[in-house]
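Everything below concerns the one structure shown next.
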Amino acid sequence: MPPRRLPWEQYVEGVLGGDRMVLARAITVVESNLASDGELAARMLDALLPHTGHARRVGITGVPGVGKSTFIDALGMYLIGECGENVAVLSVDPSSPISGGSILGDKTRMEKLAVEERAFIRPSPSQGHLGGVARRTRETILLCEAAGYRNIVVETVGVGQSETAVRSMTDFFLLLMLAGAGDELQGMKRGIIEMLDGMAINKADGDNKPKAERARMEYAGALHLFPASADGWTPRVLTCSSVAREGIAEVWQMVLDHRTLLEGNGFLAQLRNRQALQWMNELTMLGLEELFRRNGAVAARLPVLRQEVHGGRMTPFAASRELLALFRLQPSQSQCNDESSHGETL
Ligand SMILES: Nc1nc2c(ncn2[C@@H]2O[C@H](COP(=O)(O)OP(=O)(O)OP(=O)(O)O)[C@@H](O)[C@H]2O)c(=O)[nH]1
Ligand SMILES: [Mg+2]
């Protein structure tokens, strides 16, 4: 039985009115795999798009256990309590089948924020495809903006691909680190360094404080070796303690300074324009993939080819060419069954 849905106008009205219940339901539509929900989501988003774009979009990454959720809890409380702001928190975790319950635990780890009227927390269930998760998060950001959230924080676990995805939908990218935990374990890869706008050494409390300060200086030195970014921003390295609630205001000030600079020199607009293009590409590629997966001829032939390739009787090259040829013959031939999108992964 298809899930119960509202007419699209009601989602639009509810979201624009800041109705959290409707916002949550609208996100469910956006996250859904059903073809009918795809239509609904597209209508909704088209109507809401003019009301988006005003929030500060901040991506936060770091290895599991670095304290991302605790940090966001502290940051959110600071934003609400001391800046009179509101905040929406989203999480992207494409590796959730491996990292298990971390996402489920998030709501409880943002204990204070979770009960705040002016905070909206949405853990995204991970459903395999990274692109899918990313697309939904991007659209969820827009829904939250339309609902009036002025600060959007996206938490992503430190896995290369998800970072790239989150970077491509946020304005400021913050890496949380630990002092002395072994750089190679912390994903201090060149790629990540080049993406970040700021770094904070978390857990700078108790005995850990001097170590954190030393790490801060080392990382600041290391960051200096990278060429300056075209937007004129120099990434900063700070220390903070999410538990002691120290250094949170400074991290936020860094986000604000970055924004002031990029708004002033036109780079924020450029960034958003580039992201819009990326989004279009992603949507197109996802659409193609979806068409391919729903294609009846492809779906019928796929199990056989999988066996052939798996058994070494056919090369992956030949099999993929055959699938593509089938698709090219009748690209729009789709299975009636909506559930096909949950089926076999290619
Ligand atoms: N001492 C200290 N402990 C902290 C701090 N921030 C987080 N922790 C602890 O570190 C542990 C992990 O924190 P989380 O916020 O769940 O970390 P996370 O990065 O969100 O973890 P995942 O979502 O699993 O990737 C928890 O036990 C926290 O209490 C801090 O500033 N100081
Ligand atoms: Mg977390």
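Residues checked against (1) among the hydrophobic types (A, V, I, L, M, F, W, C); (2) surrounded by fewer than 16 Cβ atoms within 10 Å (Cβ to Cβ); (3) not in a loop (DSSP other than H, G, I, E, B):
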{"residue": "Asp257", "(1), (2), (3)": "no, yes, yes"}
{"residue": "Leu277", "(1), (2), (3)": "yes, yes, yes"}
{"residue": "Glu290", "(1), (2), (3)": "no, no, yes"}
{"residue": "Arg306", "(1), (2), (3)": "no, yes, yes"}
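Can you spot a residue in the range 73-88 that is among the β-branched types (Val, Ile, Thr) and within 15 Å of ligand 2 (Cβ to nearest atom)?
Applying the first criterion (among the β-branched types (Val, Ile, Thr)) to the range 73-88 yields 80, 87.
Now drop any that are not within 15 Å of ligand 2 (Cβ to nearest atom), which leaves none.
Among the residues of the range 73-88, not one is among the β-branched types (Val, Ile, Thr) and within 15 Å of ligand 2 (Cβ to nearest atom), which makes the answer no.
Among what's in the range 131-161 and is closer than 20 Å to Asp73 by Cα and among the charged types (D, E, K, R), pick the residue that is modelled with the lowest pLDDT.
Going through the range 131-161, the residues closer than 20 Å to Asp73 by Cα turn out to be 137, 140-141, 144-145, 148-158.
Add one more test, that the residue is among the charged types (D, E, K, R), and what stays is 145, 150, 155.
Values: Glu145: 98, Arg150: 98, Glu155: 90.
That would be Glu155.
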Given the conditions (1) polar (S, T, N, Q); (2) assigned to a helix (DSSP H, G or I); (3) surrounded by 13 or more Cβ atoms within 10 Å (Cβ to Cβ), every one holds for Gln253 apart from (3)
Gly128 being out of contact with any Leu (no Cβ under 7 Å at 6 or more places or on another chain), modelled with pLDDT of 85 or more and away from ligand 1 (no atom under 14 Å from the Cβ)
no
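If I ask for residues that are touching a residue at least 12 places away in the same chain (Cβ under 8 Å) and of a type in the set (S, T, N, Q), which ones from the range 271-304 would you list? Quick ask: steps written out before the conclusion?
Within the range 271-304, the first condition is being touching a residue at least 12 places away in the same chain (Cβ under 8 Å), and the residues that meet it are 271-272, 275, 278-279, 282-283, 285-286, 289-299, 301-303.
Listed by number, the residues that qualify are Gln275, Gln278, Asn295.
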Select from the range 288-318 the residues that are within 24 Å of Ser36 (Cβ to Cβ) and of a type in the set (S, T, N, Q) and list them in ascending order.
Asn295
Taking Thr164, is it at pLDDT below 95, among the polar types (S, T, N, Q), under 23 Å from Asn265 (Cα atoms) and surrounded by fewer than 19 Cβ atoms within 10 Å (Cβ to Cβ)?
no
Report, by residue number, each residue of the range 1-54 that is closer than 19 Å to Arg138 by Cα and assigned to a loop (DSSP other than H, G, I, E, B).
Gly18, Ser32, Asn33, Leu34, Thr52, Gly53, His54
Screening Thr284, Thr239, Thr260, Thr234 for residues that are of a type in the set (Val, Ile, Thr), modelled with pLDDT under 95 and either within 16 Å of ligand 2 (Cβ to nearest atom) or over 23 Å from Ser162 (Cα atoms) (or both) leaves only Thr234
Within the range 197-243, residues touching a residue at least 40 places away in the same chain (Cβ under 8 Å) and either assigned to a helix (DSSP H, G or I) or surrounded by fewer than 19 Cβ atoms within 10 Å (Cβ to Cβ) (or both) come out as Asp205, Tyr219, Asp231, Val243
Can you give me the number of residues within the range 44-93 that are of a type in the set (Asp, Glu) and within 16 Å of ligand 1 (Cβ to nearest atom)?
2
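The values are calculated or read from the model by the stated rules, or taken from the named source; none is laboratory data. What you see is a predicted model; the values in this text were computed from it and never measured. Reconstructed Cβ throughout: ideal geometry from the backbone, glycine too, with neighbour counts over all protein chains shown.
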